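Just so it is clear, none of the values below were taken in a lab; they were calculated from the coordinates. Bear in mind that the values here come from a model prediction, so they are computed numbers and not experimental data. Reconstructed Cβ throughout: ideal geometry from the backbone, glycine too, with neighbour counts over all protein chains shown.
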Amino acid sequence: MASNIVKDSQQSEQSPVVLSVQHVSKSFKLPTEQATGLKQAVINWTKGIKGYKVQHVLHDISFDVHQGDFFGIVGRNGSGKSTLLKIISGIYTPESGHVDVRGTLVPFIELGVGFNPELTGRENVYLNGALLGFSHDEIDAMYDDIVEFAELEDFMDQKLKNYSSGMQVRLAFSVAIKAQGDILVLDEVLAVGDEAFQRKCDNFFTEIKKNPKKTVILVTHSMESVKKYCNKAILIKDGNIVASGDKNDVADRYTLENLKPTEKHAEKEKDKRTEEYPVGLSKRVPVLRVHPVSSLTPDGTEPFVFDLEYEFNERIPFYFAVSLLDIKRGGIPVDSGSIPLKETGHHSVRCSIPLEMFNNGQFKIIASLRIDPSAESSEETEMIAYTNEENSCLFALRNKRNKDYALLSDRAITMRLLGTDEDHNNS
Amino acid sequence: MNTMIANLRKRYHYSWVVLKELVKTDFQLRYQGSFLGIAWSVLKPLMLFCVMYVVFVRFLKFSDGTPTFPLVLLLGISLWNFFAEATSMGLSAITGRGDLLRKVDFPRYIVVVSATIGALISLAINMCVVVIFCIFSGVVHFTWRVFLLPLNFVEYYLLALGVALLLATLNVYFRDIQHIWEVVMQALFYATPIIYPLSMVTGQLGQHYGPIITKAMLLNPAAQIIQDIRHNLIAPDTTQTVWTEFNHVGYALIPIALTLAILTWGISVFRKHSRKFAEVL
């Protein structure tokens, strides 16, 4: 049973590589001033100014995406992730290195490419579909699905300019996800539509995640969506891959990156120091690990017991937080919040989580070490260390009495019929 | 052979799908919101024809004295309109579609081709009008030369496409091109025998320079094609073409060679730079 847990990640290693990015670099020439006019060109020429500066956007980026992966590309604004996406999609050509794609790749750099406000919704669907590579007949086949998903049945013969912006986005998104490509490339498109539509998209992503033939590459700066959907991710910073592999590591690293002080100098020094330690740990916190005490395949009748090992030597108030992640369904069923610790040095804390009510599933326990926040941070506590893939604990709950669908089992529900026919007659 | 066709189909399937949709969209949007809609593509050249007929034939007495001249004038205007429209639309095709080019990877030439095909559709509509006029005027006697017309139109389209590809590429880097091209088109319009008969050139310039200038003008591919189409469709006896003016076939082939050269040049320049369009725009 224990082998089942690791099977997930192994499976994706064995499946064929569908997208291979090898040593891709890219730089742009940015004009330093308005160098487009003749006057400026002459002035620049006489002064010997080049008129542009070269900005290196990507340095030697390499990674592989396997079939069935839900691959996240994370980074702050201006880190080069969109440029990378455009190179993958073939819109930009890389300066060096190459990109190999196997299968059809459907890129969505922006939703509703080619949408024209003067055309009707129907015409726009066909136009947008054609740009994504679908002939008239192919779109005919999926047209009803698209309209139904967008919930715009009554508006398809209206001109697009009469749509609300939410409706436009819904239509565009529906075309995008109904498009049947092997590899979907999505650029920060998850935050659209109202709540009901969000839920629909959510279901769709969960669905596509299960399909081993479909590969999705998602570019985002939202940590929630990475943690929820992706199984692998890379973090890009200043055109370099700074973390790659397990999504939770990358997501946590990204959170750390965002928390770092803004002074560039300090940042770089810190980078050097953290590199000597595994992802998530640092000189301040050299050890942080979750040790399972119970079996890794519990049947749920007893609480899951584990130890949290840490080492922290600074004499300031510090806390730990433990979360239980649901691997398959996504989300965080249990979170401890920040719990203050008193003992500095190298210690272990024993914890347990009751599993009585849970259905079958794969769960992961992650922990972080936190301190009081610096003045500018708005959060309650500031994370200084977290458990990476190696240091966190993965377990699978298996019991025949449980089902697979919901997180909590039906034992959580009690039911009683309220009243009878007679009661109704009386009242 | 079958596999070759299958391969070709596979390779150009996407281009074809996109091209069809773009042409359709352009056409739908062209007269969007106007009251007369598609009728404008017939009305506009007809009105232009009326203006030019009144000014040049009635007032300025430009005519070669044949009864077919009004039709020759109408045909010339329709043909020139195609060239003007195809090149000016092609010129701004890439820059105008920047939003698409930055977001989807598709063969860039499609945008230029779709712009020129839009002009080609207008030409087709206009040609129908011209042919109807020809039939009802009763002065035109069609000959076997009508069967040569498709060749002329193919050459004309290739010329327009070559120029459009060239201009579209240049316009990405130098937006001045659109202003320059407007002036060039105006000059070309008067350098091509459209509103005046070619015989007038000889008449005005005398026997010594007249024939030389006439020949030089006919070496312009646009002039050659327009004269050829007039010759083959309406007036085989009175239209001077490159074939009737030069005794030597070698000279007559110069405009055709020029057309092919412009096309090849346009394609090679476009191909070389098209990969950079998304970044430069």
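For the range A:386-413 versus the range B:30-62, the inter-centroid distance based on Cα atoms is 77 Å. Computed over chain B, relative contact order equals 25 percent, with contacts defined as Cα pairs under 8 Å that lie 6+ residues apart.
Estimated translational diffusion coefficient (Stokes-Einstein, Kirkwood radius over Cα pairs, 4 °C, 1.567 mPa s) of chain B: 64 µm² per second.
For A:K232, a cut-off of 19 angstrom between C-alpha atoms picks up these lysines, skipping any fewer than 8 places away in its own chain: A:K7, A:K81, A:K209, A:K210, A:K213, A:K214, A:K247, A:K328, A:K364. For the range A:293-427, the average shadow cast by the Cα convex hull is 13.2 nm², which is a quarter of the hull's surface.
Rounded to the nearest 20 debye, the dipole size of the range A:39-79 about its Cα centre is 620 debye, using +1 on the Cβ of Lys and Arg and -1 on the Cβ of Asp and Glu. Mind pulling the angle between the C-alpha long axis of helix B:254-274 and the longest principal axis of chain B? Nearest 10 degrees, somewhere in 0 to 90. Relative to chain B, helix B:254-274 is tipped by roughly 20 degrees.
Computed from Cα atoms alone, the Kirkwood hydrodynamic radius reported for the range A:66-210 is 16.2 Å.
Normalised Debye scattering of the range B:111-166 at q = 0.13, 0.14, 0.20, 0.25 Å⁻¹ gives log10 I(q)/I(0) of -0.43, -0.49, -0.83, -1.04, counting only Cα atoms as equal scatterers and leaving out solvent. Taking a quarter of the surface of the Cα convex hull of the protein assembly as shown gives a mean projected area of 49.1 nm².
Which net charge results when you count Lys and Arg as +1 and Asp and Glu as -1 among the other residues whose beta-carbon is under 14 Å from that of A:L119?
Local charge sum for A:L119: 0.
Compactness of the range B:131-281 is given as radius of gyration and Dmax, 18.1, 57 Å, from Cα positions.
What share of the DSSP beta bridges in the range A:122-243 is antiparallel, in percent to the nearest 5? The answer is about 40 percent antiparallel. The ratio of the alpha-carbon radius of gyration of the range B:53-115 to the globular-protein estimate 2.2 N^0.38 Å is 1.80. With both labels modelled 7 Å from their Cα along Cα-to-Cβ, the B:V249 to A:N203 distance reads 7.3 nm. Compactness of the range A:109-150 was expressed as the Cα radius of gyration divided by 2.2 N^0.38 Å, which yields 1.08. Would you kindly calculate the mean projected area, averaged across all directions, of the convex hull enclosing the Cα atoms of the range A:131-223, in square nanometres? Across all orientations, the range A:131-223 yields a mean hull projection of 6.8 nm².
Helix B:149-173 and the longest principal axis of the C-alpha atoms of chain B enclose an angle of approximately 50°.
Its alpha carbons give the range B:1-119 an Rg and a Dmax of 19.7, 63 Å. For the pair the range A:219-254 and the range B:181-244, the centres of their Cα atoms are 68 angstrom apart. Taking all Cα-Cα distances within the range B:129-219, those exceeding 24 Å account for 48%. Extension gain for B:Q178 to B:L8 (0.36 nm times residue separation, less C-alpha to C-alpha distance): 57.7 nm. In this structure the amide hydrogen of A:F358, modeled in the peptide plane, comes within under 5 Å of the amide hydrogens of A:S409, none closer than 5 places in sequence on its chain.
Here the ratio of the Cα radius of gyration of the range B:3-58 to 2.2 N^0.38 Å is 1.93.
Calculated on the Cα set of the range A:39-131, radius of gyration then Dmax: 19.2, 57 Å.
Computed about the Cα centre, the dipole magnitude for the range B:1-46 is approximately 160 debye when only Lys and Arg (+1) and Asp and Glu (-1) carry charge, each at its Cβ.
The equivalent ellipsoid that matches the C-alpha gyration tensor of the range B:62-152 spans semi-axes of 36, 14, 10 angstrom, in descending order.
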